[in-house]
Amino acid sequence: MSEDFGKEMLMLGGTIVGFLAALLTVLEKLLDMQHRYQARKDRLAPAQAAPVPQEPVSSMGFFSNPLQGSSYLLLYETSVIVAAGVLLNYVGLTLSRHLESILFLDMTGTALAAILLGPWWGAIVALLSNSVVNWLLYPEAGADVVIFPWSLVNMTGALFWGILARQPGFKQYIRSNRSSAGAHTWFLLSFGVAGAVAMSIPGTFVQAALQEKATFALNPEVAEALGYRVQQWQAVVRTYLEMTLGLQWSEDISWYVVNWFQNCIRYIPDKTMSAAIALIVLKYGYPLFERELVLGGPEGQQPGDERMLPLVMGLLYAPSFATLISHEDYGGTHYWPLWSLPWLFIIVGFVVLRRWGPTDDTLYEARLQRADRYARALKAIGKEPANEFCRRLIFVTLMASLVFALFLPILLMDFYRVTFKFFCVVYGFLLVVHLIRVAIAQNISAARPE
């Protein structure tokens, strides 16, 4: 009952936010049109006096510089990458569920965000995907039981990929556009196979808390033969451990070892494909992000993490943690150390970044330089006729969606659920259009000479 009430309240809040977002977007567009009309009127009017020189407007407005201590630009970087990450995660999960594939691909966007923005932003994207988007849009009852525990696996992948992407070897691999087969093999082994090994550890503990077993999607004969072999392996491991740890511990450890091994086999293709797809999206879609965030720009220095990111991660994890620690379906209080483990990383990360992280002045200077390079690179693209055409089309689409949504309360009784899903579909498609437009603009800008 509490889960349904919380979801209903979030849907109602999402409906209100959808209305406000549409109204603010329309208002912003009308003000922009008024500004353009006034500017055109001033140009056509006869000059009565000498023009007054204006101060150059800095490219670091509020949306590019919302906080003094933030590492990344809200308008140019985080809004695009986080949106792309959440969208890729949801699309991958939806495709895997409808196609009944052995691949989940629900961490593709997590890998993209971790590679570009680091481990903490990757974990934030993981929590937004698992604990918010997937939970709200899950089509069946009991979404919290199915979704919330796996946030640990998603966060583990974000931290693993984000830390690995900060290593010099990955930067060297990205810099070479003609990497050998050995370099690509290294990427798939480190980001895919090693990542699957790391992520299968929390995955095994989550299965233990949910009292599930790792299974393979095989034909019945092969599954039966493999199940028999797994039982033999578990018996061998239990017999070996009985001599040193005792019967009770040997049974538990043998179960964990065997299921961890099976999870590794299941995770390897999924995590390898997720990392590979994320890198392909990065290379083909966002070359400016590759140049600025992965290679570090002209200075060759990647942006550092600000100390507030672990706290943001903790804020997003708190509702899931409260559900996990209090729900009997998660093993009750027996598995509370498992659900509390992310808090250890959050506290340690905050202390480390606060003591040894980059200073606010360093972050501000690096952010200012990147904002100027983004503005100069994308300035010519914004004047293209196709770009203006798309902007006007998006504006008209928002106007139409707002008119349709205003009539839903009259036509429907359960209007806010329908309205929430209506806005999800409309904004989802517009988000896809925006991300594609940003990708095209970055590719055009990267292809043009400086």
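Accessible area per residue for segment 142-199 is 42 Å², calculated with a 1.4 Å probe on protein heavy atoms, without ligands, DNA or RNA. Taken along its principal axes, the alpha carbon cloud of segment 255-401 reaches lengths of 61, 43, 35 Å, longest axis first.
I need the per residue convex hull volume for segment 343-410, using only the alpha carbons, in cubic angstrom as a whole number.
Working: hull volume 11.9 nm³, N = 68.
Dividing the Cα hull volume of segment 343-410 by its residues yields 175 Å³.
Rounded if a/c is under 1.5, else prolate if a/b beats b/c, else oblate: with a ≥ b ≥ c from the C-alpha gyration tensor eigenvalues square-rooted, which is segment 117-213? The shape class here is prolate.
Could you order peptides 307-319, 290-302 by the average number of other Cβ atoms within 10 Å of their residues, highest first? The partial results should precede the final answer.
Working: 307-319: 19.3, 290-302: 16.3.
Going by the mean number of other Cβ atoms within 10 Å, highest first, we get 307-319, 290-302.
Does segment 313-384 come out rounded, prolate or oblate, given a ≥ b ≥ c as the square roots of the eigenvalues of its C-alpha gyration tensor, rounded meaning a/c under 1.5 and, failing that, prolate meaning a/b above b/c? Here segment 313-384 falls in the oblate category. With every protein chain in place and a 1.4 angstrom probe, the accessible-area ranking of 352, 426, largest first, reads 352, 426. With the cut-off at under 20 Å, measuring from each backbone N in segment 155-197 to a point 7 Å along the Cα-to-Cβ line of residue 102 picks out 188-197.
Label zone of residue 256 (point 7 Å out along Cα→Cβ, amide N under 17 Å): in segment 177-210 this covers 197-210. Could you tell me the calculated FRET efficiency between residue 430 and residue 388, based on Cβ-Cβ distance and R0 = 22 angstrom, to the nearest 0.05? Efficiency, from the Cβ-Cβ distance: 0.85.
Among the listed pairs 283/379; 171/379; 271/379, give every one whose C-alpha distance is greater than 32 Å. Write out the running numbers ahead of the final one.
Numbers: 283/379 22 Å; 171/379 28 Å; 271/379 37 Å.
Too far apart for the 32 Å limit: 271/379.
The values are calculated or read from the model by the stated rules, or taken from the named source; none is laboratory data. This structure is a prediction, so every number in the text was calculated from the model and none was measured. Every residue, glycine among them, receives a Cβ derived from its backbone with ideal geometry; neighbour counts consider all protein chains shown. In case anyone asks, the SASA skips ligands and DNA or RNA and just uses the protein heavy atoms, side chains included. Shrake-Rupley method; radii C 1.70, N 1.55, O 1.52, S 1.80 Å.
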